[in-house]
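Asks: Here's a structure for you.
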Amino acid sequence: MGACQRHDWTAAEIRALHDQPLFELIDRARRVHSEYHPGNQVQLCALLSVKTGGCPEDCSYCAQSAHHPTAVRPGPMMTLDDVLQTARRAKAAGATRLCMGTAWRQIKEGGAFERVLEMVRGVKAVGLETCVTLGMLERDQAMRLKQAGLDTYNHNLDTSPEYYPSVVTTHRYEDRLQTIRYVREAGISVCCGGIIGMGETLDDRARMLAELAKLDPHPESVPINALVPVPGTPLAGNPPVEPLEFLRMIATTRIVMPRAKVRLSAGRASLSREMQLWCMYAGANSIFYGEALLTTLNAGPDLDAAMLEAAGLTALPPAC
Ligand code: SF4
């Protein structure tokens with residue numbers, strides 16, 4: 001029998017896992033992965049920014065913050081028709097989920113929220129799982145998203161509670177946790193992960209995983225991102241994350257949250273395809289699939305399809 005879902009991981013235990021000799025870490029992560037996720041399947045998620053830029057928050061890694069002089073220009077919200085066209089293209093290219101992002105502090109009631117609800121209903125009708133990330137939510141908004149058919153809500157914890165104020169000052173860690181509680185109460189799946197390479201320590205990474213593991217149940221999806229430094233943001237000059245650090249983080253996440261889909265997210269394009277496959281061997285079973293992430297480049301779908309085929313991996317069918 002393998003590890004059950006534990007919610008009492010200490011940061012010290014996680015740090016010890018993370019720091020063990022690499023091959024032992026990978027072996028253990030692989031055993032957990034094979035037990036909980038047999039079948040060599042990878043979830044392919046397309047990502048679409050439906051409202052880009054001009055965000056009032058000051059997340060220091062983000063090109064869409066109005067606080068940072070980046071090349072991203074605020075744009076209007078996409079129309080329903082444009083979103084549905086993108087959804088059909090993503091489905092035809094092999095994606096099974098469409099993740100729709102907006103650069104908002106929180107979603108306000110009114111026309112924009114109604115349009116998001118229409119997008120959720122429309123994308124479901126196309127035959128894709130739906131995920132949105134809209135910033136902070138109120139309880140009744142989470143319920144209405146659920147009624148519209150939303151499968152998953154993305155709201156990342158980003159880093160440890162201790163390091164969070166060094167990354168964002170316009171909202172609190174507790175605000176993030178409150179939105180996650182509303183999402184969970186509404187019966188929507190939780191997608192919640194973080195970013196490495198923002199200047200945090202290895203202990204911060206361990207503390208972030210301990211916070212994620214405290215969520216009961218664990219998040220269904222845990223995206224692990226490596227910072228993509230964007231010119232104009234406060235983190236533009238950060239050194240790149242070492243590929244082996246990315247691999248260690250993926251493997252540790254797999255062990256700590258055995259049932260979650262661990263998503264190899266931003267920063268994947270900077271890894272060789274061999275290192276991407278090592279990450280999948282060690283526990284990653286979800287990727288963003290398509291040309292662009294919200295504002296940074298991703299590998300193209302043809303390259304991804306060739307990589308998966310070369311490794312004998314197949315796309316996980318949609319759950320809807
Ligand atoms: S990460 Fe989200 S909330 Fe933070 S600045 Fe970017 S769009 Fe706004």
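The values are calculated or read from the model by the stated rules, or taken from the named source; none is laboratory data. As the structure is a prediction and not an experimental result, all values here were calculated from the model. All Cβ positions, even for glycine, are placed from backbone atoms using ideal geometry, and neighbour counts span all protein chains on display. The protein model used for the area step is the full one, side chains on, heavy atoms only, and it has no ligands, DNA or RNA in it. Shrake-Rupley method; radii C 1.70, N 1.55, O 1.52, S 1.80 Å.
Asks: Among the listed residues T96, T133, which satisfies the condition of being surrounded by 17 or more Cβ atoms within 10 Å (Cβ to Cβ) and touching a Gly at 6+ places or on another chain (Cβ under 8 Å)?
Replies: Numbers: T96 fails: touching a Gly at 6+ places or on another chain (Cβ under 8 Å).
Matching residue, one of T96, T133: T133.
Asks: Of the residues L271, L215, L264, which single one is of a type in the set (A, V, I, L, M), without any contact (Cβ under 8 Å) to a residue 60 or more places away in the chain, more than 16 Å from the ligand (Cβ to nearest atom) and open to solvent by 10 Å² or more (accessible area, probe 1.4 Å)? Explain how you work it out, then say what you get.
Replies: Details: L215 fails: without any contact (Cβ under 8 Å) to a residue 60 or more places away in the chain; L264 fails: open to solvent by 10 Å² or more (accessible area, probe 1.4 Å).
Result: L271 is the single residue among L271, L215, L264 that is of a type in the set (A, V, I, L, M), without any contact (Cβ under 8 Å) to a residue 60 or more places away in the chain, more than 16 Å from the ligand (Cβ to nearest atom) and open to solvent by 10 Å² or more (accessible area, probe 1.4 Å).
Asks: Answer yes if at least one residue in segment 12-25 is open to solvent by 50 Å² or more (accessible area, probe 1.4 Å), aromatic (F, W, Y) and within 26 Å of A206 (Cβ to Cβ), and no otherwise. Quick ask: steps written out before the conclusion?
Replies: Looking only at segment 12-25, we keep the residues that are open to solvent by 50 Å² or more (accessible area, probe 1.4 Å), and these are 12-13, 15-16, 19, 21, 23-24.
Then keep just the ones that are aromatic (F, W, Y); that gives 23.
In the following step, the residues that additionally are within 26 Å of A206 (Cβ to Cβ) were identified as 23.
Yes, that holds for at least one residue.
Asks: Can you tell me which residue is farthest from Y164 (Cα to Cα) among those in segment 47-90 that are more than 16 Å from the ligand (Cβ to nearest atom), open to solvent by 10 Å² or more (accessible area, probe 1.4 Å) and of a type outside the set (D, E, K, R)? Let's see the steps before the verdict.
Replies: To start, the set of residues in segment 47-90 that are more than 16 Å from the ligand (Cβ to nearest atom) comprises 79-90.
Within this subset, residues satisfying the condition of being open to solvent by 10 Å² or more (accessible area, probe 1.4 Å) are 79-82, 84-86, 88-90.
Next, only the ones that are of a type outside the set (D, E, K, R) stay: 79-80, 84-86, 90.
Numbers: T79: 34, L80: 35, L84: 35, Q85: 37, T86: 34, A90: 34 Å.
Per the criteria, the residue is Q85.
Asks: In addition: Here are T201, T252, T233: which of them is more than 27 Å from T130 (Cβ to Cβ) and under 18 Å from the mean Cα position of the chain (by Cα)? Steps first, please.
Replies: Working: T201 fails: under 18 Å from the mean Cα position of the chain (by Cα); T233 fails: under 18 Å from the mean Cα position of the chain (by Cα).
When all the criteria are applied, what remains is T252.
Asks: Something else about it: Just to check your reading of the model, which residue among G135, G197, G193 is in contact (Cβ under 8 Å) with a residue 40 or more places away in the chain, within 16 Å of the ligand (Cβ to nearest atom) and in contact with a Phe, Trp or Tyr (Cβ under 6 Å, 6 or more places away or on another chain)?
Replies: On the way: G197 fails: in contact with a Phe, Trp or Tyr (Cβ under 6 Å, 6 or more places away or on another chain); G193 fails: in contact with a Phe, Trp or Tyr (Cβ under 6 Å, 6 or more places away or on another chain).
The match here is G135.
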